[in-house]
Every structure is written in structure tokens, then in C-alpha cells.
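For reference, the structure is listed below as C-alpha cells.
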Amino acid sequence: MNLKPWIAIAAISLSGAAFAQDSSSLSVEGEALLTETAAPEHMENVDTIYSGWRFRSGETQALQTDDFDNPAMIFVDKGIDLWAKVDGTEGKSCSSCHEDVADFAGLRTTLPRVEDAGLVTMENLVNECRTERMGAEAWKYSKGNMTAMTALIGLQSRGMAMNVAIDGDAAPFWEKGKELYYTRVGQLDMSCSNCHEDNYGTMIRADHLSQGQINGFPTYRLKNAKLNSIHGRFKGCMKNIRATPFAEGGEEFKALELYLASRGEGLVVETPSVRN
Amino acid sequence: MKNVLGAAIFAALIATTASAEDVKPMEVAFVDGTVEVSLTGKAGDAAEGRKVFANRKQGNCLACHTNADLSEESFHGEVGPPMDGVAGRWSEAELRGIVTNSKMMFEGTIMPAFYKDTGYTRPLDDFAGKSILTAQQVEDVVAYLMTLKEE
């Protein structure tokens, strides 16, 4: 597929709206990328859900509106290189078996999902191919090769609505994720909900609190100039409240990821997004 | 990973500020969310309290409260109410209660308890068994808050 400048985006600022999040709208190649929508039924305390993009400054927002300017795209290019790179004892690359990465369109919107009674994330799927089909070593969960690949695969779903299954086999995992979301942890004794549900739209020191949505991951952060995984972000938030984070790729974070994905139901994939 | 020397110095600092006569975190006596007596038995130092209020590693109260008296500091959060004139709204005993453990005054609040050292879930090892502020720092902050009167 063509990964070069296929996107021209304009940030149109609507004035006068009295929302805590700003009222800019994001459009890709003349096509609007939805950054707010009605909250899914299961969310009891929130009426409208917003993309984290809506809470960033104008300058940060602008970086995501044009793929030439989007600093995450360098890493997507690295993902393209990795896609074609032979690795492991079987002498294969991803492209040996998967004809076109564009075939993964829609995959991001449905993850994590249940397989063989366990929850699997995109990182798990990639590593399963590496270890079981290529005879290659697993990539570290949040390190550069992995985030480059999840950015490339996630990008194929850009503009498509988040739509994870939360019933049936997924229900127990979803319930566990919900419980974690509302549990206070750390010396500062806060839950994810204290900041991202009760106080989104307000400033916490220099940061404008968003709803903590995950539709833009992996995200490029200006703070560390690289792509950041979903679990890496969870870890950062836990450490900020002086809590011992759960393991990246572990059961707790996978359950939390499923629950958060479901809180973004209807928002569209923005991978790779840009944040401060 | 950790700076051992830094940790040792930090421990030494704590030792000089936490005195044996201080009321222990779990022994603080609350009456309707208020704490009548000084945790150190002495009055706090308002100038020190002003620093603790702003310091990101100590009170970091500015994360959530705007405060016109600290206008030289950039980035005041707005999660909680402004601190301007707070001494006119609350008594010293009420402020001591709020800073010590605001959950005794405001049920379910996001505001951390600053003088409580047990009952936390998964605290980072470096902070396990410790309160965010020392008794002295709580008293300093309370003394500082008492200076925030409406003009």
C-alpha cells in the first residue's frame, strides 16, 4: 500500500462552544475523523466520549493532522521495513505469508479479543507469528520493533470505529478490567476513574486531563520522542500515583485494555496519534 | 536504578524532621473530619509550608488547586477549589484535618491523604509504609493555609 502523503487533514476550529475539551474537528483527506460520539450504553457516568486529541494544544493537534508532519510516521516506515525483513529459523518475513498489510484493516478495532479462553492483544498476535511461525524471538512488549509494527498494523484501521466484543467469553475479562479501572491504588490512592472519568477537561498542574482513551495507540509522545504502547501508558499513569504497575502484557493490563477499548466504542482509530 | 547515596541522604533528612513526639499517622484523632491539636505539638512554619505546597515531590497541591499567592509558579491545576481566602472558609483544626486525611471531610474525594502511612493498595516500594508528608510538613502547610485570607 501507499504509505506516503495520502492524508491531508485540516483542523477547523469552531468558536464559542463552552466545552472543557476544545471544539476542533479532525478530518482526513476531506473525510471527517469522528472525535466525539455518544458513550456506549455500559458507561454509567459519562454521556459523550471524546478522543484524547481534543484535549491537546493546537500545536500538538496540528502534528497529527498531516502525515508529513506526524513524527510517528518515521516509526511506521520502520514497521514497513520490518514487515519485509526475513528473521528466524524458518527464513521468513511477515510478507512471506501475509500478502498485504492492508489486509489487517479492521483488526485494531476488535482487539483485545478472546482466543482459547485467554485475552489476546495485537502484540500477542504479532509475537505468536514470530515465535511459532517464523522461528524468531518474541519482540519485547513495548519496545521499538513492536510499537513500529503495531503502529503499521493499527494504521490500516484508521477511521474505523472501535468495536470490541465484551459479552460471551469476553465478559469475565471485561468485568475484571472494569474493577481495575475503579480501584484506587498507590500512595496517592487514586483510580483511573478519579482522573479520566471524574475530572476530564480540567487541568492537573500542566496537563489537560482527557478521558484516557486508547483509540490512538501506539501514540508518539513529544515527551520521549518515540511510540508508546497502551500498556506503557498504563504503567506511566500508575507510577505517577506512586503505585506498583502491573506487568506489560500481563493479565491485568490486558483486561484493563479491553475495558478501555469498550469505553471508546464508536470513536475511530487514530493510530498513530501524537500527544505531549 | 536507584541512587543509593541519594536514598541515604533522604532517609537522614526524614530522621531529622520526624520526631518521636509527633502524633503517628494512624493515631491522629479526628472529630468530624477535623484535627484539633498540632501533630508536632508546635506551630508550623508558614514560609516552609508555602514551599511544600508548590513542590512537585512534596505537597504538589498546585497540581489541583490554583493559588494567587503563588503566581510566580506556572501551571496551577483546577481539579479542586482555588486556595484564595481558604483561611476565611475553614478553621485551623478543619484545615489540619483536610490536609492530614481529606477523606474524613470529603467522602470519596480524589485529594490524597497526606499523613497516612498504611492501607494503600500496591504502593511503589519506595513509598510503602510512608506518609506523603511528615507531621512537620503538614503543620507547615496548615500554617501557610492560615495566611491565605481574603484581601
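Observations on the structure shown:
- Single condition A:Thr131 does not satisfy, out of (1) in a loop (DSSP other than H, G, I, E, B); (2) open to solvent by 40 Å² or more (accessible area, probe 1.4 Å); (3) not small (Gly, Ala, Ser): (1)
- Unique match (being of a type in the set (Ser, Thr, Tyr) and buried (at least 18 other Cβ atoms within 10 Å of the Cβ)) among B:Thr118, B:Thr134: B:Thr134
- Among the residues here, A:Glu179 qualifies as free of Cβ contacts under 8 Å to residues at least 12 places away in the same chain, of a type in the set (Asp, Glu) and either within 14 Å of chain B (Cβ to nearest Cβ) or within 27 Å of B:Leu124 (Cβ to Cβ) (or both).
- Residues of region B:29-71 that are without any contact (Cβ under 8 Å) to a residue 40 or more places away in the chain, farther than 17 Å from B:Ile132 by Cα and surrounded by 14 or more Cβ atoms within 10 Å (Cβ to Cβ): B:His65, B:Thr66, B:Leu70.
- Within the span defined as region A:235-249, one or more residues are away from chain B (no Cβ under 13 Å), in contact with a Phe, Trp or Tyr (Cβ under 9 Å, 6 or more places away or on another chain) and either in contact (Cβ under 8 Å) with a residue 60 or more places away in the chain or of a type in the set (Gly, Ala, Ser) (or both).
- Test for A:Ile49: is it under 18 Å from A:Leu267 (Cβ atoms) and open to solvent by less than 20 Å² (accessible area, probe 1.4 Å): yes
- Residue, farthest from A:Leu152 (Cα to Cα), within region A:58-88, restricted to residues that are part of a loop (DSSP other than H, G, I, E, B) and either charged (D, E, K, R) or out of contact with any strand residue (DSSP E or B) (no Cβ under 8 Å at 6 or more places or on another chain) (or both): A:Gly88
Table: residues versus (1) within 24 Å of B:Ala54 (Cβ to Cβ); (2) at the interface with chain B (Cβ under 7 Å from one of its Cβ atoms).
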{"site": "A:Gly168", "(1), (2)": "no, no"}
{"site": "A:Phe173", "(1), (2)": "no, no"}
{"site": "A:Val185", "(1), (2)": "no, yes"}
{"site": "A:Leu188", "(1), (2)": "yes, yes"}
{"site": "A:Ser191", "(1), (2)": "no, no"}
{"site": "A:Glu197", "(1), (2)": "no, no"}
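- 2 or more residues over 17 Å from A:Leu188 (Cα atoms), over 15 Å from the mean Cα position of the chain (by Cα) and more than 9 Å from chain A (Cβ to nearest Cβ): qualifying helices (runs of 4 or more DSSP H) within region B:43-151: B:86-89
The values are calculated or read from the model by the stated rules, or taken from the named source; none is laboratory data. Small disclaimer: the values here were computed from a predicted structure and weren't measured. Positions of Cβ are backbone-derived with ideal geometry, glycine not excepted, and every protein chain shown enters the neighbour counts. Side chains are part of the model used for accessible areas, which takes the heavy atoms of the whole protein and leaves out ligands, DNA and RNA. Shrake-Rupley method; radii C 1.70, N 1.55, O 1.52, S 1.80 Å.
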